[in-house]
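Trainee: Starting off with a structure, shown below.
The values are calculated or read from the model by the stated rules, or taken from the named source; none is laboratory data. In this text, all values refer to a predicted model and were calculated from it rather than measured experimentally. Here Cβ is always computed from backbone atoms with ideal geometry, including for glycine, and neighbour counts include all displayed protein chains. These accessible areas exclude ligands, DNA and RNA; they are computed on the full protein's heavy atoms, side chains included. Shrake-Rupley method; radii C 1.70, N 1.55, O 1.52, S 1.80 Å.
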Amino acid sequence: QGQLVESGGGLVQPGGSLRLSCAASLSMFSVYRMGWYRQAPGKQRELVATISRGGSTNYADSVKGRFTVSRDNAKNTVYLQMNSLEPEDRAVYYCNANWGPRDSWGQGTQVTVSS
């Protein structure tokens, strides 16, 4: 299993933007499906967005049109650009790497949206 390290979280006002990064120590990073998940206080972890090895993306309905997931295989990094942030987006955001039976998670980065 590889190591995933998220960064870029923080405090932002409603309507603001943040860009999360996930640096992956994975051999053959490009074959992994990469994803972002989040867990709000008292709630279950939920899917935010995924990006396949081929670049196909999938988003939760709640973030469509506001969030964009991308990857840079040369840097072994996946990004989550978050725009028009809402208080409901407050959560710990986790990076995930999946390839068949191989599944790795980062430690998470906190995102707080508050005025």
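Trainee: Across the stretch 41-52, what is the number of residues that are assigned to a loop (DSSP other than H, G, I, E, B) and under 14 Å from the mean Cα position of the chain (by Cα)? Write out each step before concluding.
Mentor: Initially, the stretch 41-52 is screened for residues assigned to a loop (DSSP other than H, G, I, E, B), giving 41-45, 52.
Then keep just the ones that are under 14 Å from the mean Cα position of the chain (by Cα); that gives 45, 52.
Residues flagged as assigned to a loop (DSSP other than H, G, I, E, B) and under 14 Å from the mean Cα position of the chain (by Cα) within the stretch 41-52 amount to 2.
Trainee: Next question, about the same structure. Can you tell me which residue is surrounded by the fewest Cβ atoms within 10 Å (Cβ to Cβ) among those in the stretch 27-42 that are within 13 Å of residue 73 (Cβ to Cβ) and polar (S, T, N, Q)? It would help to see each step written out before you state the result.
Mentor: Keep residues of the stretch 27-42 that are within 13 Å of residue 73 (Cβ to Cβ), which gives 27-34.
Right, trim to polar (S, T, N, Q) and you get 27, 30.
Values: 27: 8, 30: 12.
Filtering the stretch 27-42 for residues that are within 13 Å of residue 73 (Cβ to Cβ) and polar (S, T, N, Q), the one surrounded by the fewest Cβ atoms within 10 Å (Cβ to Cβ) comes out as 27.
Trainee: I would also like to ask the following. Within the stretch 53-89, restricting attention to residues that are polar (S, T, N, Q) and assigned to a loop (DSSP other than H, G, I, E, B), which residue is nearest to residue 22 (Cα to Cα)? Explain how you work it out, then say what you get.
Mentor: Let us first name the residues in the stretch 53-89 that are polar (S, T, N, Q), namely 56-58, 62, 68, 70, 73, 76-77, 81, 83-84.
Narrowing the set further to residues that are assigned to a loop (DSSP other than H, G, I, E, B) leaves 56, 62, 73, 76, 83-84.
On the way: 56: 18, 62: 21, 73: 12, 76: 8, 83: 18, 84: 21 Å.
Among those that are polar (S, T, N, Q) and assigned to a loop (DSSP other than H, G, I, E, B), it is 76.
Trainee: Can we say residue 53 is open to solvent by 10 Å² or more (accessible area, probe 1.4 Å), touching a Lys or Arg at 6+ places or on another chain (Cβ under 7 Å) and closer than 21 Å to residue 7 by Cβ?
Mentor: In short, no.
Trainee: With respect to residue 45, determine if the residue is surrounded by fewer than 18 Cβ atoms within 10 Å (Cβ to Cβ), touching a residue at least 12 places away in the same chain (Cβ under 8 Å) and among the charged types (D, E, K, R). Break it down stepwise before answering.
Mentor: Working: surrounded by fewer than 18 Cβ atoms within 10 Å (Cβ to Cβ): yes; touching a residue at least 12 places away in the same chain (Cβ under 8 Å): yes; among the charged types (D, E, K, R): yes.
In short, yes.
Trainee: Just checking, how many residues over the stretch 56-75 are open to solvent by less than 40 Å² (accessible area, probe 1.4 Å) and either of a type outside the set (Lys, Arg) or in contact with a strand residue (DSSP E or B) (Cβ under 6 Å, 6 or more places away or on another chain) (or both)? Working first, answer last.
Mentor: Step one: filter the stretch 56-75 for residues open to solvent by less than 40 Å² (accessible area, probe 1.4 Å), giving 60, 63, 66-67, 69.
So of that shortlist, the ones also either of a type outside the set (Lys, Arg) or in contact with a strand residue (DSSP E or B) (Cβ under 6 Å, 6 or more places away or on another chain) (or both) come out as 60, 63, 67, 69.
Residues that pass the stated criteria total 4.
Trainee: Could you tell me which numbered condition residue 24 fails, if it satisfies all but one of (1) part of a loop (DSSP other than H, G, I, E, B); (2) open to solvent by less than 50 Å² (accessible area, probe 1.4 Å); (3) touching a Gly at 6+ places or on another chain (Cβ under 8 Å)?
Mentor: If we test residue 24 against (1) part of a loop (DSSP other than H, G, I, E, B); (2) open to solvent by less than 50 Å² (accessible area, probe 1.4 Å); (3) touching a Gly at 6+ places or on another chain (Cβ under 8 Å), just (1) comes out false.
Trainee: Now for a separate question. Counting only residues that are among the hydrophobic types (A, V, I, L, M, F, W, C) and touching a Pro at 6+ places or on another chain (Cβ under 9 Å), which one in the stretch 58-91 is farthest from residue 9 (Cα to Cα)? Don't jump to the end; show me each part of the working.
Mentor: The initial filter retains those residues of the stretch 58-91 that are among the hydrophobic types (A, V, I, L, M, F, W, C), namely 60, 63, 67, 69, 74, 78, 80, 82, 85, 91.
When the remaining residues are screened for being touching a Pro at 6+ places or on another chain (Cβ under 9 Å), the result is 85, 91.
Values: 85: 12, 91: 10 Å.
Taking the candidates together, the pick is 85.
Trainee: Separate question: Give the stretch 78-102 a look and list any residue that's polar (S, T, N, Q) and surrounded by fewer than 19 Cβ atoms within 10 Å (Cβ to Cβ), or say none. Before the answer, list the steps.
Mentor: Taking the stretch 78-102 and keeping what is polar (S, T, N, Q), we get 81, 83-84, 96, 98.
Across the stretch 78-102, the qualifying residues are 81, 83, 84, 98.
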